[in-house]
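First up is the structure itself, then whatever we jot down about it.
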Amino acid sequence: MARESSTSREPGARPAVEAEDPLTDADRLDELAAGDDARVRAAVAAHPNSRPRTLQALAEDDDRRVRAAVASHDAVDSDVLDDLAFDEEWTVRLAAAGNPSVGEYSLTELLRDDDVRVREVAARSRGLSLDDMERAAKDDDGRVRAAVAANDGAPEDVLSRLSADATWQVRAGVGGNPASALVLLRTLATDEDWRVRAAVAANPATPEEVLAALALDGDEGVREASRRQ
């Protein structure tokens, strides 16, 4: 017999408490979704027990917090998620970009977003096509290139190019990426920036001989990172 929520079964339990209770059932969540409090509706939109049809209705909510919660939900319908990827609010598009279920076409558009925060999150997705990886690797903002550099789905030629990027965060992304080729890790282990070398030292794919050299690095942060392996 399923365990009943202690909060939702109490007479007069506050809607906000019920909406956040992991044991609140789908029927009660439907009732709460029709309420006037946007915070409660957002909690319903984030609740694991919410039905796909409930999420679909909340995807049209006037409050961006509610729509963003829907865009992050594991059970949101793919068509609803793709619509939210084009929402007028950047926070909603950001949530859609971070959902592993977002479609390839939507990801392509999110990589063209005016807000760099949206492009950065989209660039981390393993669902990117090779063409999208190439495009994101040429973004004007280093945060986006760094996100691609850390993406373990990035192809070898993209990682090779990014390993020579002028921005240290991008090189560190490649250095910490388990998908990086050994030749790149060996090269980045001698990078001029200690943070890049530390990223290589913390990479589980870095070979023992490189770790041994990094254990003798002149920077304590690099030596510490190598000792944690």
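Any read-out appearing in this document is the output of simple, stated calculations on the displayed coordinates, not a laboratory observation. Predicted model only: the values in this text are computed from it and were never measured. In this analysis, Cβ positions are derived from the backbone assuming ideal geometry, glycine residues included, and neighbour counts consider all displayed protein chains.
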- Task: Convert each backbone phi in the stretch 157-164 into a coupling constant with the Karplus relation 6.51 cos²θ - 1.76 cosθ + 1.60 (shift: θ = phi - 60°), then list the ³J(HN,Hα) values in order as whole Hz, x for Gly and Pro.
- Result: 5, 5, 5, 4, 5, 6, 5, 10
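Set the Förster distance to 22 Å, then compute FRET efficiency between Ser129 and Asp79 from the Cβ-Cβ distance, nearest 0.05. Kindly include the intermediate steps, with their values, before the conclusion.
Details: r = 20 Å, r/R0 = 0.90.
Given R0 = 22 Å and the Cβ-Cβ separation, E is 0.65.
Once you keep just the Cα pairs under 8 angstrom separated by 6 or more residues, what percentage relative contact order results for the chain?
Values: 382 pairs, mean separation 19.6, N = 229.
After rounding, I find 9 percent.
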- Item | the stretch 10-98: relative contact order as a whole-number percent, Cα under 8 Å and 6+ apart | 22 percent
- Note on the structure: Per the charge dipole of the chain (beta-carbon charges, Lys/Arg positive, Asp/Glu negative, Cα centre), the residue among Val170, Ser50, Ser125 reaching farthest to the positive end is Val170
- State, in angstrom, two size descriptors of the stretch 128-229 derived from its alpha carbons: Rg to one decimal place and Dmax to the nearest whole number. 12.9, 40
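If you place +1 on the Cβ of every Lys and Arg, -1 on the Cβ of every Asp and Glu, and leave all else neutral, what size is the dipole of the chain about its Cα centre, to the nearest 20 Debye? Let's see the in-between values first.
Working: 29 positive and 48 negative charges, 162 e Å.
About 780 debye.
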- Message: Suppose the chain between Asp114 and Glu20 were pulled fully straight at 0.36 nm per residue; how much longer would it get relative to their current alpha carbon spacing?
- Response: 30.5 nm
- Message: If I model the stretch 10-98 as equal point scatterers sitting on the Cα atoms and use the Debye formula, what is log10 I(q)/I(0) at q = 0.17, 0.20 Å⁻¹?
- Response: -0.60, -0.81
- Message: Going by average Cβ density within 10 Å per residue, which order do the peptides 215-222, 68-75 take, highest to lowest?
- Response: 68-75, 215-222
- Counting all Cα-Cα pairs in the chain, those more than 29 Å apart amount in percent to 45 percent
- Message: Quick check: pseudo-label points 7 Å beyond the Cα along Cα→Cβ at Arg51 and Thr190, how many nm apart are they?
- Response: 6.4 nm
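Nearest 500 deg cm²/dmol is fine: what mean residue ellipticity at 222 nm does the chain get from its DSSP H runs of n ≥ 4 alone, each adding -39,500 (n - 2.57), divided by its residue count? Please list the in-between numbers first.
Numbers: 17 runs with 130 residues, N = 229.
Counting only the DSSP helices, I get -15000 deg cm²/dmol.
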- Task: With springs connecting C-alpha atoms under 10 Å apart, model the chain as a Gaussian network and identify which of Val102, Val44, Val80 has the largest mean-square fluctuation.
- Result: Val80
